[in-house]
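Down below is the structure, laid out as structure tokens.
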Amino acid sequence: MTEPNDTGPHDTDADVVVGDDGLARPPWAANDALLRSYYDTEWGMPVTDERGVFERVSLEAFQSGLSWATILRKRPAFRDAFADFDPDIVARFDERDVERLMSDAGIVRNARKIDATIGNARATVALRADGGLADFVWSFRPSETPAPRSLREVPTSSPESFALARALRARGFSFVGPTTMFALMEAIGVVDTHLVGSHRRGASGVWAG
């Protein structure tokens, strides 16, 4: 997800921060307890199931223009509102569901993003005929991953994220731009942008440390 953009650290030369526990993390995950736990246990770990990838595609869309911390704090409410991101259920949402979601203060009430999530659920169901969303996204895994030493060196897009965005849009998805898709690829382990020196570098097992 676009977690590292929360406070603009891509514009800094910040290196890892060593916490009280002796573990090194990027600045965005060093202080806030929720972000720290997310970084230590979830971010960058492989997600290869349809529902898991659909949830992250959806939350990346809602995160656009906001901080990831905001979305992460609202994630339980998002899961309740969107039927735990079951694509089959969300694909059947109608105008009554849209009205319900627009009145739900627990989530981000943005009509375009809500409509996109419902449309993306329908596109996810349709994509099963060609192997499914998870395999589709993972097919854009690059041949190598970045090895950034500071957040300034972490890319915000890649040729693969541009290609993935184009391919998903061709399949009926929306709110899937190249920056958003690169953040998705980071979040689910398709690429490893943990800083060199971070205790999480290589933790996914997909890439060598």
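What follows draws every value from the coordinates through simple rules; no lab data is involved. Quick caveat: nothing in here was measured; it's all calculated off a predicted structure. Please note: Cβ atoms are built from the backbone with ideal geometry, for glycine as well, and neighbour counts cover all protein chains shown.
Miscellaneous remarks
- Cα point-scatterer Debye curve for the range 77-130, base-10 log of I(q)/I(0) at q = 0.19, 0.24 Å⁻¹: -0.59, -0.90
- Karplus-derived 3J(HN,Hα) values for the range 139-148, using 6.51 cos²θ - 1.76 cosθ + 1.60 with θ = phi - 60°, are 5, 9, 4, x, 6, 8, 10, x, 9, x Hz; glycine and proline are entered as x.
- Most mobile of V17, V47, V176 in a GNM of the chain (Cα contacts under 10 Å): V17
- Cβ-derived FRET efficiency at R0 25 Å, D94 paired with A170, nearest 0.05: 0.45
- Set of the range 57-89 residues, backbone N closer than 17 Å to the point 7 Å along the Cα-Cβ line of S103: 81-82
- Cβ-derived FRET efficiency at R0 35 Å, D21 paired with T48, nearest 0.05: 0.75
- Just so you know, the Cα atoms of the range 119-173 work out to an Rg and Dmax of 13.8, 41 Å.
- GNM flexibility winner over the chain from P87, P159, P148 (Cα, springs under 10 Å): P159
- Within the range 68-193, the ratio Rg/Rh, alpha carbon atoms throughout and Rh by Kirkwood, equals 1.00.
- In summary, the range 32-122 shows an alpha-carbon radius of gyration equal to 1.07 times the 2.2 N^0.38 Å reference for compact globular proteins.
- Whole-number percent relative contact order across the range 4-148, with pairs defined as alpha carbons under 8 Å at least 6 apart: 21
- Long-range HN-HN contacts of V17 with modeled amide H, under 5 Å: R25
- Amide H contacts under 5 Å for S139, placed H, 5+ residues apart: none
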